[in-house]
Amino acid sequence: QVQLVESGGGLVQAGGSLRLSCAASGRTFGSSAMGWFRQAPGKARECVAAISWLGWTTSYVDSVKGRFTISRDNAKNTVYLQMNSLKPEDTAVYFCAAGLKRPIATMANEYDYWGQGTQVTVSS
């Protein structure tokens, strides 16, 4: 079992930055692919960023490339999402997810555990 708790969301003006954290419990964190997803009202959940077991490989959706950075600290069982140059269209609930099926994953059905989500609101 892996339990995930996100933090760091909030309200920020366009152009600002936020850093999301996801603290994981459980022995399998170091062998889990980790991902950050977001879901805006009326829209499908999308994978914003993903990182492999050891952090050597990352993947980003095109809309956040160059602005968001995913990283992980396996000694602290924590994954981060640094979000810079935020835009109003980044407004969504952001979820952290852990997957045991693949070294890195970008599809929701490839993930086994989910956090409760944290709201990110970017004002124009």
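Quick look at the values:
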read-out: Unmatched cysteines, the chain - criterion: no other Cβ of a Cys under 4.7 angstrom; value: Cys47
read-out: Rg(Cα) / (2.2 N^0.38 Å) computed for the range 20-74, rounded to two decimals; value: 1.20
read-out: Size of electric dipole in the chain: Cβ of Lys, Arg +1 and of Asp, Glu -1, about Cα centre, debye, nearest 20; value: 120 debye
read-out: Calculated diffusion of the chain, Stokes-Einstein form, Kirkwood radius summed over Cα pairs, 20 °C and 1.002 mPa s, µm²/s; value: 152 µm²/s
read-out: Carbon + sulfur, % of accessible area of the chain - ligands and nucleic acids excluded, 1.4 Å; value: 51 percent
read-out: Value of Rg to Rh for the range 54-124 (Rh from inverse mean 1/r over Cα pairs, i.e. Kirkwood); value: 0.96
read-out: Burial ranking of peptide ranges 97-103, 62-68 (average Cβ count within 10 Å, highest at the top); value: 97-103, 62-68
read-out: Amide H contacts of Gly10 (H built 1.01 Å from N, under 5 Å, at least 5 apart or other chain); value: Val120, Thr121
read-out: FRET efficiency, Asp73 to Ser124 (Cβ-Cβ, R0 30 Å, nearest 0.05); value: 0.35
read-out: Residue-normalised accessible area of the range 18-59, expressed per residue, 1.4 Å probe, Å²; value: 49 Å²
read-out: List Leu11, Leu54, Leu81, ordered by accessible area with a 1.4 Å probe, largest first; value: Leu11, Leu54, Leu81
read-out: Residue-wise HN-Hα coupling along the range 59-67, computed from phi with Karplus coefficients 6.51, -1.76, 1.60 (Hz; x: Gly, Pro); value: 9, 9, 6, 4, 5, 10, 4, x, 10
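The values are calculated or read from the model by the stated rules, or taken from the named source; none is laboratory data. Predicted model only: the values in this text are computed from it and were never measured. All Cβ positions, even for glycine, are placed from backbone atoms using ideal geometry, and neighbour counts span all protein chains on display. Calculation scope for accessible area: heavy atoms of the full protein, side chains included, ligands and nucleic acids excluded. Shrake-Rupley method; radii C 1.70, N 1.55, O 1.52, S 1.80 Å.
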